[in-house]
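Single-structure report; data block below.
What follows draws every value from the coordinates through simple rules; no lab data is involved. Keep in mind it's a predicted model, so treat the numbers as computed, not measured. Every residue, glycine among them, receives a Cβ derived from its backbone with ideal geometry; neighbour counts consider all protein chains shown.
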Amino acid sequence: MNIHEHQAKALLKTYGLPVAAGVAIFKTEEAEAAAKSLPGPLYVVKSQIHAGGRGKGKFKELGPDAKGGVRLAKTAADVVANAREMLGHTLVTKQTGPAGKQVNRLYIEDGADIARELYCSLLVDRGSGEVAFVVSTEGGMDIETVAHDTPDKIVTVDIDPAAGVTAEDVGKLVAALKLEGPAAEDAKAVFPALYKAFVDTDMSLLEINPLIVLKDGHLRLLDAKVSFD
Ligand code: ADP
Ligand code: MG
């Protein structure tokens with residue numbers, strides 16, 4: 001079973017993880033109030049479908065030059081205009097297949113000032129049956145491409161279930177992602193919390209792509225894909 005990005009983020013927030021403020025909407029009429037409830041000055045309008053690659057996706061009903069399934073907006077009016085174009089339309093991404101998926105809900109989220117985009121996932125290692133972190137400095141692209149083109153940029157850290165995420169594990173993840181300052185400090189809480197959320201709720205996959213370093217130096221979970229068995 002998969003849940004939507006906004007539901008995954010709400011769940012991860014209960015574990016103290018850093019996610020932006022956001023509001024899920026189903027109708028264009030709800031867009032203005034959603035935007036106005038956020039701090040601004042940047043907003044992001046995100047299609048909620050059970051498939052990735054939304055940012056680079058295309059809407060079937062709109063022209064080839066129309067924007068994709070994740071859009072930046074600078075005003076509440078801009079959020080409304082984008083919501084109108086997206087809701088009810090069919091988004092085709094690398095992961096939907098040619099039929100695409102109808103966008104029936106949007107997540108209006110606070111825009112982030114991004115310094116770096118990283119990749120972080122947790123999964124159950126087929127060999128050992130233990131949970132492993134898979135991380136890469138190459139965030140924001142699909143991990144299959146990274147695995148194919150630059151496999152040396154993917155680092156796996158196996159977690160001993162008896163010990164949980166140790167300081168040594170955090171150190172390995174921090175080094176692999178080249179985190180410094182506030183981000184390295186945040187990592188001490190973020191990685192154990194991701195692990196706790198994964199184990200507590202019996203996830204089969206937790207993928208944060210991208211995990212970002214904000215311009216202020218802190219970590220934030222910008223996307224979240226969660227699957228349960
Ligand atoms: P997908 O993986 O389905 O394309 P993402 O949520 O990863 O969707 O969004 C795609 C890209 O859009 C991200 O890599 C990031 O560059 C940008 N983005 C997403 N959410 C935000 C946000 N809240 N603020 C700023 N940029 C964002
Ligand atoms: Mg993503």
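Straight-line reach from Lys225: taking Cα to Cα under 15 Å and skipping same-chain neighbours fewer than 8 places apart, the aspartates and glutamates in range are Glu5, Asp142, Asp202, Glu207.
Using the Kyte-Doolittle scale, find the helices of the chain whose mean hydropathy is at least 0.5 and whose Cα atoms extend 20 Å or more along the helix's long axis, counting only whole DSSP H runs.
Numbers: long enough: 181-200 (29 Å, 0.27).
Membrane-span-like by this rule: not one helix.
Summing charges over neighbours of Tyr15, with a neighbour being any other residue whose Cβ is under 9 Å away from its Cβ, gives +1 when K and R count +1 and D and E count -1.
Each Lys or Arg adds one and each Asp or Glu subtracts one; over the other residues with Cβ under 12 Å from the Cβ of Ala193, this totals +1. Residues Asp65, Asp223, Asp149, ranked from the fewest to the most other C-beta atoms within 10 Å, line up as Asp65, Asp149, Asp223. Over segment 1-139, all Cα pairs binned in 10 Å intervals from 0 give whole-percent P(r) values of 12, 37, 36, 13, 3, 0, listed from short to long. Shown here are the Rg and Dmax of the Cα trace of segment 160-202, at 10.7, 32 Å.
By the helix-only formula, in which each DSSP H run with n ≥ 4 contributes -39500 (n - 2.57) and the sum is divided by residues, the chain has a 222 nm mean residue ellipticity of -8000 deg cm²/dmol.
Would you mind getting the Kirkwood hydrodynamic radius of segment 151-229 from its Cα pairs, rounded to one decimal in Å? Mind showing how you got there, number by number?
Numbers: mean 1/r = 0.0748 Å⁻¹.
One decimal place: 13.4 Å for the Kirkwood radius.
Across segment 105-121, coupling constants 3J(HN,Hα) worked out from phi with the 6.51/-1.76/1.60 Karplus curve, θ = phi - 60°, read 8, 10, 10, 9, 10, 4, x, 9, 8, 8, 9, 9, 10, 10, 10, 8, 9 Hz, and Gly and Pro carry x.
Over all directions, the projected convex hull of the C-alpha atoms in segment 78-229 averages 10.8 nm² in area. When the Cα centres of segment 32-110 and segment 1-23 are compared, how far apart do they sit, in Å? If you average the Cα positions of each part, the centres end up 18 Å apart.
Cross-link reach is defined here as a Cα-Cα straight distance under 21 Å, omitting same-chain residues fewer than 8 places apart; for Lys60 the lysines meeting it are Lys27, Lys46, Lys94, Lys101. Put simply, the Cα atoms of segment 18-65 extend 32, 28, 21 Å along their principal axes, the longest span coming first.
Tell me, what is the percent relative contact order of segment 46-204, built from C-alpha pairs under 8 Å that lie six or more residues apart?
16 percent
Efficiency by 1/(1 + (r/R0)^6): what FRET value for Val124 and His50, r their Cβ-Cβ distance, R0 = 30 Å, to the nearest 0.05?
Numbers: r = 20 Å, r/R0 = 0.68.
After rounding, the FRET efficiency stands at 0.90.
Which of Val23, Thr145, Gly181 sits closest to the plus end of the dipole of the chain, meaning its Cα is farthest towards the positive end, when Lys and Arg get +1 and Asp and Glu get -1 on the C-beta? Toward the positive end, the furthest listed residue is Val23.
Loop-located chymotrypsin sites (Phe, Trp or Tyr not before Pro) in segment 1-96 (DSSP state other than H, G, I, E, B) with a sparse environment of at most 10 neighbouring Cβ atoms within 10 Å are absent. Note on the chain: GNM, Cα springs under 10 Å; of Gly181, Gly52, Gly68, the largest mean-square fluctuation is that of Gly181.
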